[in-house]
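> Below are the C-alpha cells for one structure; questions will follow.
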Amino acid sequence: DTGVSQNPRHKITKRGQNVTFRCDPISEHNRLYWYRQTLGQGPEFLTYFQNEAQLEKSRLLSDRFSAERPKGSFSTLEIQRTEQGDSAMYLCASSLYANTGELFFGEGSRLTVL
Amino acid sequence: KQEVTQIPAALSVPEGENLVLNCSFTDSAIYNLQWFRQDPGKGLTSLLLIQSSQREQTSGRLNASLDKSSGRSTLYIAASQPGDSATYLCAAYTGNQFYFGTGTSLTVIP
C-alpha cells in the first residue's frame, strides 16, 4: 500500500493554458474524490467517483473543469483556459466505499496561474 | 446542506499543556466524523475516525469524542509537543460527501 499519489506536485502556468492533474488512489479503494483548497480554508468538494462512474459534481464547478476515472483506477482532473482564480491546492482522496469509510489524501498538486 | 464549524480558528499553547479543539456540525445524520492534521503545503493526514455509533476514539495522546445529538465533536491532545503544531480539520461524512471545517491552526511553543 503506497498511499494516494498525485502528480505533478506543483504546476505553474500562464493564464489561458490547460493543465491536467493525475491521482492514483490506494489500489483497492473504489471511491475517489477531488477537492480544491485555498489558503486558510478547508477543502472544497469538486467531484467524486465510485469506480469509473462520476456520481456527483459540485454545482459551483465551472464547465472548464472536467474529471475522468477510466477503468476505475487512476483519475485525471483537467482545467481548461486557466484563470488566476484557479490558483489553489488540488487534493485527491480515496476511500473504500462503505458507510464507515475512512478518507485518505494525497500530498496535493499546487497550481499557480500567472 | 451540512455545515461544519471549527472553533477557535487559531490556538497557541506552551509545550506540555493539554488542549481541546472543537468541531460542530448542523446535520446530525452523519455516518462518521474524521479528524485530520495538515502541515503547511501538504495534504491531510488522517488522525482519528469516529463511527456514528461510537462515542470516542483514542490514539496515543489523542482522544476524539462525538455527540451526534448535539452536533459536536472534540479532539483532545494531551501533553502537547512542538511537533503537534499544524492545522487540525474535522470532516463530517454523510454517506456521499465529506464536509470540512476551516480548521484550527495550532502552535505549540517550546
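The values are calculated or read from the model by the stated rules, or taken from the named source; none is laboratory data. Worth saying up front: this structure is predicted, and the values here are computed from it rather than measured. Cβ sites come from the backbone with ideal geometry, for glycine too, and all protein chains shown count toward neighbours.
> Return the residue satisfying two criteria in turn: it lies in the stretch A:24-45 and is within 11 Å of chain B (Cβ to nearest Cβ) and touching a Pro at 6+ places or on another chain (Cβ under 7 Å), and of such residues it is nearest to A:Arg110 (Cα to Cα). Before you say what the answer is, go through the steps one by one.
First, pick out the residues of the stretch A:24-45 that are within 11 Å of chain B (Cβ to nearest Cβ): A:31, A:33, A:35, A:37-45.
In the following step, the residues that additionally are touching a Pro at 6+ places or on another chain (Cβ under 7 Å) were identified as A:35, A:37.
Details: A:Tyr35: 12, A:Gln37: 9 Å.
For the stretch A:24-45, the residue satisfying everything is A:Gln37.
> Any chance the stretch B:83-91 includes a residue that's free of Cβ contacts under 8 Å to residues at least 40 places away in the same chain, within 26 Å of A:Ser5 (Cβ to Cβ) and loosely packed, with under 13 Cβ neighbours inside 10 Å?
Yes: the stretch B:83-91 contains one or more residues that are free of Cβ contacts under 8 Å to residues at least 40 places away in the same chain, within 26 Å of A:Ser5 (Cβ to Cβ) and loosely packed, with under 13 Cβ neighbours inside 10 Å.
> When the residues of the stretch A:81-106 are narrowed to those that are modelled with pLDDT of 95 or more and in a loop (DSSP other than H, G, I, E, B), which ends up nearest to the other protein chains (Cβ to nearest Cβ)?
A:Gly106
> Identify the single condition in (1) within 14 Å of chain A (Cβ to nearest Cβ); (2) over 23 Å from B:Glu3 (Cβ atoms); (3) polar (S, T, N, Q) that B:Thr102 does not satisfy, given that it satisfies every other one.
With respect to (1) within 14 Å of chain A (Cβ to nearest Cβ); (2) over 23 Å from B:Glu3 (Cβ atoms); (3) polar (S, T, N, Q), B:Thr102 is out only on (2).
> In addition: For the stretch A:34-80, what are the residues that are in contact (Cβ under 8 Å) with a residue 40 or more places away in the chain, touching a strand residue (DSSP E or B) at 6+ places or on another chain (Cβ under 7 Å), outside any loop (DSSP other than H, G, I, E, B) and surrounded by fewer than 20 Cβ atoms within 10 Å (Cβ to Cβ)?
Result: A:Gln50, A:Thr76, A:Glu78.
> Yes or no: the stretch B:48-71 includes at least one residue that is closer than 24 Å to A:Leu91 by Cα, surrounded by 15 or more Cβ atoms within 10 Å (Cβ to Cβ) and small (Gly, Ala, Ser).
No - not one qualifying residue is present in the stretch B:48-71.
> Quick check on the stretch B:41-76: of everything there that is of a type outside the set (S, T, N, Q) and in contact (Cβ under 8 Å) with a residue 40 or more places away in the chain, which residue is nearest to the other protein chains (Cβ to nearest Cβ)?
B:Leu44
> Still on this structure, I have one more. Please tell me if B:Ile77 is in contact with a helix residue (DSSP H, G or I) (Cβ under 7 Å, 6 or more places away or on another chain) and under 30 Å from A:Ser5 (Cβ atoms).
yes
> Does the stretch B:23-40 hold any residues that are under 8 Å from the mean Cα position of the chain (by Cα) and more than 16 Å from B:Thr58 (Cα to Cα), and which are they?
Selection gives B:Cys23 alone.
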